[in-house]
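Reviewing the structure listed below.
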Amino acid sequence: MGMYNEKLYKEKVSRTILSKNNKQAYLNFNNSNNKRQELLSAFYPIQMCEDDIDYKSDKVERLIKRPDIFDPSDYLPMRRTDTFYGLLETLIGRQGPHVIPFSIINLTIQELDVESLSSFKERILKPIDFEYIIKDELEVDEIRDYEPGWGNLKEIVEMYNNLYEEFDKRLTLVEESNGDINEKVIIDEEVFTVGEIVAEIKNLILSLINLNPYATYGWATEGGASKEDLEGKGERKVNLDEIRSLDDIVSKKCIDFNVLKSRTFRNIESFKKYLQRMFVNVPSADINSLIVLMLENEEDLDYKIKIYAEINETNKLIEIANSLLHENLQIFHDYLNEGQFLMKMACVTILSQNIDGLNEILDEDEVVDIVTILCEYHCAISDEEKIHFLGAIIDIFSENEIFSDVIEILEETEYIKYFPKLYGYED
């Protein structure tokens, strides 16, 4: 697998011809001021440009003619590496929309010095974690040669493993050197300078970062990302290490706010860890706030609650519960009885703040569950508020058939001690 040239190209192509020199595919650029040849693999996914490709077939010609990959009347993109999006069967060859703009990732990596390479390793998925995320997100039990709808996952994993192995081997050599970029080191019986190895390491890092399933989105959507998702968002070039707050992320356009709208990621907690890994200087609370901000215009309440619950955004759940209690009591009861557990707790918290109307709000069959949540779990209310709430329930439902169940829970959790008048209660 050849290494990528660090240079970036963005130029008008006047004419494109395919050459087949020494079993390599080349593009001929016939611009009047810059005639040259470039390897096809510099602009297209590696798996479509292997050295052993059969150039007697029309595979390469067909590749050039595919407008979704290459349009000779348009500008060539910057040289980019494969993405997880572009390796999947139905999306092969496409880049897909990046969660964090490619220009920001690329700049951050190119500005790494010898000393900072080792610390940057923490941002790169280890092969075992890469495989786990694929299994988790695609909901597959094992990595197979062919997975319907996804393609050859085994090949993708092997590709990542090989890249990581090459990265790790080169990084070790640099770490063991004296830091002089002119120092000579040996890899596979060939002599290189430390500076040359550092350049290769940066390219390998770029490949590994972009292969992270969370680096692109829309790959789980039928037909891939939408036109809106693929359009440029006016991204700026900024080093990720300079980003230190939510305000920085937003003002410097370091994230694509269409990400969660695509419903690509199944495990939002894992996606949050990816953001924390990339925005290493941004507090965890700001990453939570970023995800909340990404959901600001989301209309699907169930989806919104699911995300808030996964990132433990309790206050947002309480806000929703409070709104529903006053605006749509039926939906409030639905979430109280059958909703995600953290949402149930949010509903209980709001009920504790509306004790005066409890008799009109609560149904009999909801009482035992509410008492259980109050007594056995930590809600976002003080102990004093909790006891006051339990006292109100006791007063309202003391003559009810379910009251003996309430007493049993109070006894099991020792909350009965706060209600002396209930000692010796008999059904």
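Looking only at residues that are basic (Lys, Arg) and assigned to a helix (DSSP H, G or I) in region 121-164, which one is nearest to Ala215 (Cα to Cα)?
Narrowing region 121-164 to residues basic (Lys, Arg): 121, 123, 126, 135, 144, 154.
Subset that is assigned to a helix (DSSP H, G or I): 121, 123, 135, 154.
On the way: Lys121: 16, Arg123: 12, Lys135: 16, Lys154: 19 Å.
Looking at residues that are basic (Lys, Arg) and assigned to a helix (DSSP H, G or I), I get Arg123.
Table: residues versus (1) open to solvent by 10 Å² or more (accessible area, probe 1.4 Å); (2) assigned to a loop (DSSP other than H, G, I, E, B); (3) of a type in the set (Val, Ile, Thr).
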{"residue": "Ala225", "(1), (2), (3)": "yes, yes, no"}
{"residue": "Ile255", "(1), (2), (3)": "yes, yes, yes"}
{"residue": "Tyr274", "(1), (2), (3)": "no, no, no"}
{"residue": "Arg277", "(1), (2), (3)": "yes, no, no"}
{"residue": "Glu299", "(1), (2), (3)": "yes, yes, no"}
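Please count how many residues of region 331-372 are among the β-branched types (Val, Ile, Thr) and within 32 Å of the chain's Cα centre (by Cα).
Step one: of region 331-372, the residues among the β-branched types (Val, Ile, Thr) are 331, 348-350, 355, 361, 367-368, 370-372.
Filter once more, keeping what is within 32 Å of the chain's Cα centre (by Cα): 331, 348-350.
Of the residues in that region, 4 qualify.
Could we say that Ile205 is of a type in the set (A, V, I, L, M) and farther than 19 Å from Arg277 by Cα here? Full working, then the answer.
On the way: of a type in the set (A, V, I, L, M): yes; farther than 19 Å from Arg277 by Cα: no.
When the stated conditions are applied, Ile205 does not pass them.
Going through region 108-120 one residue at a time, which ones are assigned to a helix (DSSP H, G or I) and open to solvent by less than 60 Å² (accessible area, probe 1.4 Å)?
The answer is Thr108, Ile109, Gln110, Val114, Ser116, Leu117, Ser118, Phe120.
Which of the residues that make up region 132-156 are acidic (Asp, Glu) and open to solvent by 60 Å² or more (accessible area, probe 1.4 Å)?
Of the residues in region 132-156, the ones acidic (Asp, Glu) are 136-137, 139, 141-142, 145, 147, 155.
Result: Glu139, Asp141, Glu142, Asp145, Glu155.
Take residues that are closer than 25 Å to Thr314 by Cβ and among the acidic types (Asp, Glu) and tell me which of the helices (runs of 4 or more DSSP H) falling wholly in region 335-427 contain 2 or more.
Working: elements: 341-352, 358-361, 367-376, 383-397, 403-412.
Here the list reads 367-376, 383-397.
What is the one condition in (1) open to solvent by 10 Å² or more (accessible area, probe 1.4 Å); (2) modelled with pLDDT under 90 that Leu88 does not satisfy?
(1)
Test Leu390 against the stated conditions and say whether it is under 23 Å from Gly357 (Cβ atoms) and either under 43 Å from the mean Cα position of the chain (by Cα) or of a type outside the set (Lys, Arg) (or both). Give the derivation first.
Numbers: under 23 Å from Gly357 (Cβ atoms): yes; either under 43 Å from the mean Cα position of the chain (by Cα) or of a type outside the set (Lys, Arg) (or both): yes.
Taking the combined requirement at face value, the residue satisfies it.
In the set Asn239, Asn182, Asn178, Asn203, which member is among the polar types (S, T, N, Q), farther than 24 Å from Glu147 by Cα and modelled with pLDDT of 90 or more?
Numbers: Asn182 fails: modelled with pLDDT of 90 or more; Asn178 fails: modelled with pLDDT of 90 or more; Asn203 fails: modelled with pLDDT of 90 or more.
Exactly one of Asn239, Asn182, Asn178, Asn203 is among the polar types (S, T, N, Q), farther than 24 Å from Glu147 by Cα and modelled with pLDDT of 90 or more, namely Asn239.
Six or more apart or on different chains, Cβ atoms under 7 Å: show the pairs whose first residue is in region 117-144 and touching a residue at least 12 places away in the same chain (Cβ under 8 Å) and whose second is assigned to a helix (DSSP H, G or I) and open to solvent by 80 Å² or more (accessible area, probe 1.4 Å).
Cβ pairs passing all conditions: Ser118/Glu175; Ile143/Lys154.
Can you tell me which residues in region 340-397 are among the polar types (S, T, N, Q) and crowded, with 18+ Cβ neighbours inside 10 Å?
Answer for region 340-397, where residues must be among the polar types (S, T, N, Q) and crowded, with 18+ Cβ neighbours inside 10 Å: Thr349, Ser352.
From (1) out of contact with any His (no Cβ under 9 Å at 6 or more places or on another chain); (2) part of a helix (DSSP H, G or I); (3) open to solvent by less than 50 Å² (accessible area, probe 1.4 Å), pick out the condition that doesn't hold for Tyr214.
It fails just one condition, (2).
Would you pick out the residues in region 301-313 that are open to solvent by 60 Å² or more (accessible area, probe 1.4 Å) and in a helix (DSSP H, G or I)? Write out each step before concluding.
First, pick out the residues of region 301-313 that are open to solvent by 60 Å² or more (accessible area, probe 1.4 Å): 302, 306, 312.
Listed by number, the residues that qualify are Asp302, Lys306.
If a residue must be open to solvent by less than 10 Å² (accessible area, probe 1.4 Å) and within 19 Å of Asn322 (Cβ to Cβ), how many such residues does region 281-297 contain?
Of the residues in that region, 1 qualify.
Out of Leu87, Leu107, which single residue is within 15 Å of Asn203 (Cα to Cα) and not β-branched (Val, Ile, Thr)?
Values: Leu87 fails: within 15 Å of Asn203 (Cα to Cα).
Leu107 is the lone residue from the list that is within 15 Å of Asn203 (Cα to Cα) and not β-branched (Val, Ile, Thr).
Look at Ser245 and say whether it is modelled with pLDDT under 95 and surrounded by fewer than 20 Cβ atoms within 10 Å (Cβ to Cβ). Give the steps one after another, and end with the answer.
Numbers: modelled with pLDDT under 95: no; surrounded by fewer than 20 Cβ atoms within 10 Å (Cβ to Cβ): yes.
No; evaluated as a whole, the condition is false for this residue.
Might you check whether a residue that is over 23 Å from Asp241 (Cα atoms), outside any helix (DSSP H, G or I) and not aliphatic (A, V, I, L, M) occurs anywhere in region 95-107? Write out each step before concluding.
Kept after step one, since they are over 23 Å from Asp241 (Cα atoms), are these residues of region 95-107: 95-96.
Then drop every residue that is not outside any helix (DSSP H, G or I), which leaves 95-96.
Going one step further and asking which of them are not aliphatic (A, V, I, L, M), we end up with 95-96.
The answer is yes; a qualifying residue exists.
The values are calculated or read from the model by the stated rules, or taken from the named source; none is laboratory data. On a predicted model such as this, the values are computed, not experimentally measured, just so you know. Quick reminder, even Gly has a Cβ in these numbers, built from the backbone with ideal geometry, and neighbours come from all protein chains shown. Heavy atoms of the whole protein, side chains included, go into the accessibility calculation; ligands, DNA and RNA do not. Shrake-Rupley method; radii C 1.70, N 1.55, O 1.52, S 1.80 Å.
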